[in-house]
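A short worksheet on the structure shown next.
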Amino acid sequence: MRAVAPALLAVLAGALAVPAFAPVGLFPLAFFSLALLVGLLERAASMRGGFCLGFAWGLGAFGAGVSWLIIALWRYGEVFLPVAGFIIFLFCAFLSLYPALAGAFYVRWRRGGILRRALLFAGLWVFAEWLRGTLLTGFPWLAIGYSQTPPSPVAGYFPVMGVYGIGGLLAFVAGLLGVCAAGWENARIIGRLKIPAVLVGVVCLGGWGLSRIQWVGSDGPPLAVSLVQPNIEQSLKWDPGYLSEILRINLDLVSAARGDVVVLPEGALPTTFDTVPESTLNELANLVSERNGALVTGVFTREGKRHYNAAVTLGEGGGQHYAKTHLVPFGEYSPPFFEWFYLLASIPMSQQSPGATNQPPLALFGRQIAVNICYEDVFGAELIFSLPQAGLILNLSNLAWYGDSFAQPQHLQIARARAMETGRPMLRSTNTGMTALVLPDGSVPAALPAFTRGVLEVEVPAFKGLTPYARWGDTFALVLALIAVGIGAGVRAKESSR
C-alpha cells in the first residue's frame, strides 16, 4: 500500500499537466505537474521506484491528454469499443516509458544539492521528450513545452531552443521547487530557497527579453490567401454516393473565395487525382484563373501502386505538388509485423507511401510556400529544412477523425510553437477546424470557428531571416541537456543536507 499512494499521486500529477495545454491554457499547471513528480521522485528509494513513478505520471498525462485517439478507432475505424480502448491504453503505456526512464535515471544519478538535482532532472526530461518525438518515427504530441505558448513568460525561448528546450526550462524550474518541497521539514529549507527563487526570476525575465527581439522581418507586400474549411463529416467523406456533393461544396467555396491563393485542406478531394472528374478540375482551375489566382488543394496522388497524401496546384503556378513525407503509423501505413491491425480497423487510404525528403517549396506569386500535411507540423526539426527559402508555411489538415475533442486546439497550439520556432507565418486550412493564420510571434489574429463551413480571408507577408532555432534545430537544446546531465550526475559532490 505504501507504494500505491505515490503512484496514484503521480497519475494525478500527470493528469494535472493536461489543462496547461489548449484549450484550457492554464500554463503554470505544467510547472506544478513536473514539480509534483520531482517531489515524489525525491522520496523514491530505487530506480525501480523512479521508473514506476515516471510511468504513472505518463499514464495520467497521456491518458487524459490523447484519449481522443479512441474516436478515430471506434467511431470511424469501426473497432469494437473495448478493443479500441485497450489499444489506446497500450499506446499510452508505451508513451509512458519515456518519462519512466527519466524517473529511473533521476533516482539512480541524483546527488548533490538543489541546483545539481534540478539540472539533472531537466536534462533527462529533454532527452526523454526528444526520444519520444524521434524513435519509431516519433510521437511528440503533448511535449510539455507546447503548453508555454503566449502569454507564458517563457514563450520567448521558442525561437532560440524550440519546444524541447522550453520543456527543459520548465523541468529545471520544477526541479528546483520539487527538490525544495521534498525537504520542507528541514529548518534550513527557507534559506535554501533564495537561489532557486532568483533562478526562476532569471528564467522568466530572460523569456520576456527574448520575446522583444525581432529575429525575422517581412519580405515584400502581403499576399491575399483564402483558407477554406469545408466541414465535411468524416463518416461521409469516403462515401462514394456523397462524392459529387463534396465536389460541389468545394466548388462553391472556391467560387466564393477572394484571395490570390485559395487553399483546400487535406484530402479535400477524397479520391486520387487521376480519378477526379475532369470537369471538376477544369472548373476549379477556371474559377481561380479568371482572377489570375492559384489553387492549392489536398488530394491523393498515385504512381503505379504507390499512393501519396499530397497537395497539388491549379491555375497560376499550376502543376506543382507536394507529397507528405512523415506518415502516421497505423493511420497511413502499417509498421512491420502489425498488418493484423487492419483486420480490426477500417481506415481508407491506410497504405500510403512517403514523399521524397526535402521537397522544394511551392512557388506562387513570387513567394516560396513550404507545405506540410496534418501531423507533419508536429516535427519542428523537419520543417526548418525548407528555410530560409520559404517565406510562408502552409499546413493542410483533416482532424475530423477525432471529432469535437482536444485534438483541434492542441494542434493549433503546436502550430503556434512552429511559427515562433521558424519565424514564419503558419497558414492552416483544415476540414473541420482550426483554420487559422498564425504569426511568427505566436499570435492568432484570425481563425474560423470549428465545425463551421466557410472561407477565412487573410493578408499575410512572407518573412525572411532565420531564428536561432532555424539554424540549429534541436541541437542547442540537446547540448544543454547533455551538459545539465553531466553536471547533475557526473560531479560526485558531498551530499547536501536537506
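The values are calculated or read from the model by the stated rules, or taken from the named source; none is laboratory data. Not measured: the values here are computed from a predicted model. FYI the Cβ positions are ideal-geometry reconstructions off the backbone, even for glycines, and counts take in every protein chain you see. Keep in mind that these areas ignore ligands, DNA and RNA; they rest on the heavy atoms of the full protein, side chains included. Shrake-Rupley method; radii C 1.70, N 1.55, O 1.52, S 1.80 Å.
Sparsely packed loop sites in the range 306-397 (the chymotrypsin sites (Phe, Trp or Tyr not before Pro) outside DSSP H, G, I, E and B with at most 14 other Cβ atoms within 10 Å) comprise Phe337, Phe338, Trp340. Using C-alpha pairs under 8 Å with a sequence gap of at least 6, the mean separation divided by the residue count of the range 71-196 gives a relative contact order of 23 percent.
If R0 equals 56 Å, the separation of the Cβ atoms of Glu290 and Ala181 corresponds to a calculated FRET efficiency of about 0.25. Which percent of the Cα-Cα distances in the range 71-151 go past 16 Å? When all Cα pairs of the range 71-151 are counted, 63 percent exceed 16 Å. Relative contact order of the range 288-430, taken over Cα pairs closer than 8 Å and 6 or more residues apart, is 17 percent. Put a plus charge on the Cβ of each Lys and Arg, a minus charge on the Cβ of each Asp and Glu, and nothing anywhere else: the dipole of the range 1-150 about its Cα centre is then about 580 debye.
Of the residues Ala72, Ala143, Ala400, the one whose Cα sits farthest toward the positive end of the charge dipole of the chain, with +1 on the Cβ of Lys and Arg and -1 on the Cβ of Asp and Glu, is Ala143.
Structural descriptor for the range 383-484: relative contact order 27 percent, calculated from alpha carbon pairs under 8 angstrom and at least 6 residues apart. Pairs of lysine residues in the chain that meet both criteria, 8 or more places apart or on different chains and Cα atoms under 27 Å apart, total 5.
Since only Pro6, Leu314, Ala44 are under comparison, the one whose Cα sits farthest along the positive direction of the charge dipole of the chain, derived from C-beta charges on Lys, Arg, Asp and Glu, is Ala44.
In the range 375-498, a dipole from Cβ-located charges (positive for Lys and Arg, negative for Asp and Glu) runs towards its positive end, and of Met420, Leu437, Leu478 it is Leu478 whose Cα lies farthest in that direction. Note on the chain: with neighbouring protein chains present and a 1.4 Å probe, carbon and sulfur make up 65 percent of its accessible heavy-atom surface. For the range 411-498, the equivalent ellipsoid derived from the Cα gyration tensor has semi-axes of 41, 17, 9 Å, listed largest first. Annotation: per residue accessible area for the chain equals 41 Å², rounded to a whole number [probe 1.4 Å, protein chains only].
Of the GluC sites (Glu not before Pro) in the range 310-415, the ones in a loop by DSSP (not H, G, I, E or B) with at most 15 other beta carbons within 10 Å are Glu339.
Note on the chain: with charges restricted to the Cβ of Lys and Arg (+1) and Asp and Glu (-1), its dipole about the Cα centre is near 2560 debye. Helices in the chain that qualify as membrane-span-like (whole DSSP H runs, Cα extent of at least 15 Å along the helix axis, mean Kyte-Doolittle hydropathy of 1.0 or higher) are 4-17, 28-42, 81-109, 114-132, 158-182, 194-211, 475-490.
For the range 265-324, trypsin sites (Lys or Arg not before Pro) meeting the loop criterion (DSSP other than H, G, I, E, B) and having at most 10 other Cβ atoms within 10 Å: Lys305.
Look at [x] 72, 53, 51; [y] 74, 57, 32; [z] 79, 52, 35: the one that is Cα extents along the principal axes in Å derived from this structure is [z].
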